[in-house]
1. Quick one: grab Rg to one decimal and Dmax as a whole number for the stretch A:319-472, Cα atoms only, in Å.
2. From the phi of every residue in the stretch A:197-203, what ³J(HN,Hα) in whole Hz does the Karplus formula 6.51 cos²θ - 1.76 cosθ + 1.60 yield, where θ is phi - 60° and glycine or proline is x?
3. Enumerate the amide H contacts of A:V321 below 5 Å, restricted to partners 5 or more residues apart or on another chain; note that Pro and chain-start residues carry no placed amide H.
4. Is the shape of the stretch A:307-348 best called rounded, prolate or oblate, per the rule: a/c under 1.5 gives rounded, else a/b larger than b/c gives prolate, else oblate, with a ≥ b ≥ c the square roots of the Cα gyration tensor eigenvalues?
5. Which whole-Hz couplings ³J(HN,Hα) result when phi for each residue of the stretch A:78-84 is put into the Karplus expression 6.51 cos²θ - 1.76 cosθ + 1.60, θ = phi - 60°, listed in order with x for Gly and Pro?
6. How large are Rg and Dmax for the stretch A:290-391 when only the alpha carbon atoms are used, in Å?
7. Semi-axes of the equivalent ellipsoid for the stretch B:81-136, please: Cα gyration tensor eigenvalues, times 5, square-rooted, ordered largest first, whole Å.
8. List every residue whose amide H lies under 5 Å from the amide H of B:Q56, counting only residues 5 or more places away in sequence or on a different chain, with H placed 1.01 Å from N in the peptide plane.
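What follows is calculated from the coordinates using simple rules that are stated; it is not laboratory data. As the structure is a computational prediction, the values presented were derived from the model and not from experiment. Cβ placement follows ideal geometry from the backbone for every residue including glycine, while neighbour counts extend to all protein chains displayed.
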Amino acid sequence: MATAEDRRALARHPQDRLRYSWLALTGFVLVLVLLAVALVQARQATLLRQVVQAGDDYVVLMVYQAETEQLRLRDQWQRAADDRVPLDADTLRLRYEIWVSRIELLRSADLQHLLSNPDGDQRTLQQAMDFIQRADLALGRIPEVPLDRGFVSALLPQLESLTAPMHELSLGASHKVSEQLEARGIAVRQQNRLGLGLTAFLSVLTLAFAFIALRQVAQLRERRLVLEELATKLRLAQREAEAASDAKSAFLANMSHEIRTPFHGLMGMLSLLRETGLTPRQVDYLRTATESADHLLALLNDILDMSQLESGRVTLAVAPVDLRALLRDVEALMRPQANAKPLALHIDAAPGVPERLLADATRVKQILFNLLSNAIKFTDHGAVVLDVRTREGEDGQACIEFTVTDTGVGMDEATQEQLFNRFVQGDSTRSRRHGGTGLGLEISRNLARLMGGDVSVRSRPGEGSCFTFHMHLQVPPPTVSEPAAPLPAVLPTSRPLQVLVAEDHPVNRQYMAALLENLGHQAHFTGNGQEAVEALCRRRYDVVLMDLHMPVLDGVGATRAIRALPDAARSTVPIVALTADAFAETRDRCLVAGMNDFLTKPVSVQKLAASLRRLFGSGTATPNDTPLPPEPSPAWAGSHPVVDESAVAMALQAMSRERLAAMVKAFLDQAPETVQRLRAAVRDAQPLDLRTNAHAAKGAALNLGMSALAATAEALHEGAAHLPAHEIARLVQRYEDLVPATRQAMSALDVLRAEPQPAVTE
Amino acid sequence: MRIRRSHPNHPGTGRRSLLCLGGGLLLAAAWPVRALVAASGPVVLTVGGRVRMPNQGDAAHFDMTMLAALPQTSFSTRTPWYAQPRRFTGPLLRDVLVAAGAQGDVIRLTALNDYRVDMPYQDAQRHDVIVARLLDDKPMAVRDKGPLFVIYPFDSRPELRGAVYYSRSAWQLRKIDVL
């Protein structure tokens, strides 16, 4: 469609040129004609001026008057010569003077061009002058001879002889002027005709010009219409394409979600298969299958990330972050990978880098994991270095910059250009050797851009690579203990509620029981989603608190099942999600599945009360009638890596110290069992088991304020699918090592003071 | 073109003071205020027609002395009759008409050779038309288009440089009739 238009536009070009040359030619001729018209008019003006200036007809009058005066003088002269009348000298003198003045005028006037016979006319004038010379002897200013009849008579014949030539002169001038007038008339007529012709031509040209201009305007309008139509089509096409792309992204996101659920089942089955007494060969096959499944899961996760980034569904959860702790986490996860090769891993923060900053810690870690694991992947020996420093960005704002430098294979420029495009890796042979989805860098870059930064690369083949990730540096305001900000009434609901808690972890159950008890509600527990659905069928509950990660049937599945129940009273029971991950995506998924609210762990009594109040309205008094202190600042406020004091304080708001101590003790006492289960999952290569156990441990640890244990459990949960086995083993070891430290820290906080100190090395 | 005017005996001033003095006495005849003296020398110009101050019959006769006694105006101007600009001197036509107490619509000029031409009375008011008696400060003989020559200040306004005004410039002037 567009190309056809283009072709037509191209085909129009020669026509355009032709039209423009026509236009230029017309314009040129127009200018010429205008010049000609100006010339003609100038000539006409000149002619007219000649008429005015010369006054030829006026000259004819002068000649005529000279002749008349000549005749009057002759008459007077004849009378003076007549003996019979007295001589009237005065009159004769006057007549003579007037005649002389006329002759003088003729002599002085520019008559040359009017003389039909110049010689003859000059002779006539000369004759008159001769007469004047003789007459002046008596009639001049100073008379030399007396004016008497004799003098008059003597000159009479000469005067009379002038009559005929004067008449000739008059006639000649008259004829000459007539001829000239005629000639001038002809010239004027010609000029007029020429002017008329030029004007006609000018009119034709102007019409032609106007015609061309009109056509041009019409064509422009036509072309504009075509262009507008084209623009509309393009807009529509673009909208369709965008819609299609959005639909694809959504489809991809949904599919990877949908795939993950059965996939987890598949992995569970694979792990069950292992227990059925296999031959070594079958075990080998099974390991390969499990590895492939792990890879596939990582791939699915990447695709999910990517499609969410693309559809703009990723929102950053920006919160104050302890940068050192973040770097420690990164190091903990990456060091085992580096140690598997003869590689040194250095992580170094410049002195000016602030301790705390505002960022989405999970996403920052994700980018750093990606960059570091790439570097380790493509470096066989030497070192991988992560440098952190601050600098001023291009826009003048402060930036924090993470630089990952390796001594690996490096890349040429063509590869670097391709690097951030999806599914492109350094080169195909390497990708085969190293595996990976090829989405990592694109995801990292998109995330970085979401944070107002970018990821860029500098590299040369054989000289290693240097990836730089920078983002806007925002430093949180220093935390001061806020003077009891009035909390939005954290009041319990008006009546005791029957609450069903679906939670698989025993410690979390205890914790929730304590919380609900504190708020005056009755807690009932089920161990998984399936049981929850069944319990709901048996009796009525006011609200369900639903953990998302549970064996048999997870929270989302259980919610869908509940919403599908035939009994309307049961299918509309309010459901509140409990989860350890705070991703917007998870939240959306819960709400889409039909849940009413969403609580992230650690769950505080305030959060729980607020949620229940949203669902059931508030009452007038709390059971213990003491105003609840404000919720302590969350986990990041304390930098102690082992125990989060604020979380402990929060837990203490919900329950007695003894109760919390019992729970902490129970959790820590269960820890060896947990470690055993984790080890078993690692040994049997059952990432699903590993994830489930790690997640359960993480939730409980978070609720009880054991931040180091929670972080390690989270690392296990996150890394279950893609970390190599030895590294997971290291994390499990770390978890085990942290148990006595946590116990000690809890004792230090007086949480475990009632307990006899057990052996430190358990 | 520069027009220079001279007042040999300031007759205008005198006339105005007389007007003030005799204003009450001469209520019926506020105009004329001074009778025109009779011509003592040869008459060179006769003003006839609607003349209220005749000094000879119905007409006012002027000799050269009387004309010279009126305020004089001089200017140089180009003319169709001379190759070079010439200097003309004489009384303003309107002063001559005032002196004769002549008022009307048309001024008819007659020359010695009976050339006759009419000019609107307003021309004398609108333009500084003079009755020239000196050409380059010398009296004009009849053969030099004298003794009197009606001259418009042609160079003062472009529209005066046309056949109509040239034709109204009568030379050898002998008679003015105010109609």
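1. 14.9, 42
2. Once θ is set to phi - 60°, the couplings for the stretch A:197-203 become x, 4, 4, 4, 4, 4, 4 Hz.
3. Close amide H contacts, sequence-distant or interchain: A:L357, A:L358, A:A359.
4. Values: a/c = 4.34, a/b = 1.73, b/c = 2.50.
It comes out oblate by the Cα gyration axes.
5. 4, 5, 5, 7, 6, 5, 6
6. 15.5, 46
7. Numbers: eigenvalues 90, 44, 24 Å².
Result for the stretch B:81-136: semi-axes of 21, 15, 11 Å.
8. Result for B:Q56 returns B:H61.
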